[in-house]
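The values are calculated or read from the model by the stated rules, or taken from the named source; none is laboratory data. As the structure is a prediction and not an experimental result, all values here were calculated from the model. Quick reminder, even Gly has a Cβ in these numbers, built from the backbone with ideal geometry, and neighbours come from all protein chains shown.
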Amino acid sequence: MVKKLSIILSLAIYVLPSVAFAISLTPNTGNVTTGNTSVIEITADPPVGVIDGISMHLTVVGGTVTGFTKYTDSNLLAMENCSGGGTYTDSSVCVDFSLTTGYFIQDQVLGTFTVLWGDPGTGSVTKASDNLYLDSANIQEYVDQGLEAEFTILSATTPTPTITRSPTPTPTGRLPESGIMDGGNSILIGLLVVIGGAFLFYYGDSKYQSKNGWS
């Protein structure tokens with residue numbers, strides 16, 4: 001009886017590996033900004049030595065998925081798995097991963113996806129109910145679902161423009177010296193012309209009167 005119970009428990013632990021997950025995301029928390037794009041890395045996080053397939057189905061809230069890129073590895077295959085075709089929609093990422101040989105290992109990079117964040121609030125990435133990892137040798141599949149990443153979406157702050165004005169000149173109470181000199185010279189020349197003209201007129205008139213015997 002004890003031997004049978006031991007076998008049953010061993011099978012239960014193998015069939016339901018509750019401490020292992022199909023995938024993990026980096027980053028999976030923190031602050032993001034409205035209108036900015038985050039690149040999120042996908043890594044495998046399976047039980048060791050048994051998983052050779054991952055059917056990834058992620059749901060994104062608070063932002064728009066704008067792309068998916070498979071990691072460059074000739075042993076890694078990535079196939080479209082969204083309902084309408086493709087590897088992503090505005091609100092989901094859906095890709096089937098498999099290997100040409102061997103098993104997935106922990107922290108094995110699978111690819112990245114990008115999210116353009118929307119209005120301020122909370123953004124999240126959830127593993128859907130059909131997010132699975134597969135053990136094809138034993139014809140087993142395991143559901144890996146639930147919240148995987150959560151972000152705080154902050155509003156984008158618009159910087160207040162700085163207006164720079166030229167400093168206003170401080171009055172000194174003095175007129176420019178060049179203006180004073182120019183004006184003084186003009187007045188002086190004018191006075192000399194008037195005096196000279198008066199002198200010539202007077203001198204010439206006196207000589208004329210003397211010549212004609214006028215007193």
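L110 passes every criterion in (1) touching a Phe, Trp or Tyr at 6+ places or on another chain (Cβ under 9 Å); (2) free of Cβ contacts under 8 Å to residues at least 60 places away in the same chain apart from (2).
Residue by residue, here is whether (1) touching a residue at least 24 places away in the same chain (Cβ under 8 Å); (2) out of contact with any helix residue (DSSP H, G or I) (no Cβ under 6 Å at 6 or more places or on another chain); (3) buried (at least 20 other Cβ atoms within 10 Å of the Cβ); (4) not assigned by TED's automatic domain parsing to the domain that holds T72 holds:
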position: T87; (1), (2), (3), (4): no, yes, yes, no
position: C94; (1), (2), (3), (4): yes, yes, yes, no
position: Q106; (1), (2), (3), (4): yes, yes, no, no
position: G121; (1), (2), (3), (4): yes, yes, no, no
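The residue pairs whose first member lies in the stretch 132-151 and is in contact (Cβ under 8 Å) with a residue 12 or more places away in the chain, whose second member is among the polar types (S, T, N, Q) and in a loop (DSSP other than H, G, I, E, B), and whose beta carbons are closer than 8 Å, counting only pairs six or more residues apart or on different chains, are V143/S129; V143/N131; D144/N131; Q145/S129; Q145/N131; E148/N28; A149/N28; E150/N28.
Taken over the stretch 148-163, the residue count meeting the criterion of being surrounded by fewer than 12 Cβ atoms within 10 Å (Cβ to Cβ) and modelled with pLDDT of 85 or more is 2. If you go through the stretch 68-119 and pick out every residue that is under 19 Å from P27 (Cα atoms), assigned to a strand (DSSP E or B) and of a type in the set (D, E), you end up with 0. Step by step: first the residues of the stretch 109-131, then only those that are modelled with pLDDT of 95 or more and of a type in the set (S, T, N, Q), then the one that is farthest from P47 (Cα to Cα). Which residue is that? Top of the filtered list is T122.
Remark: I51 falls outside the filter, which requires a residue to be in a strand (DSSP E or B) and surrounded by 15 or more Cβ atoms within 10 Å (Cβ to Cβ).
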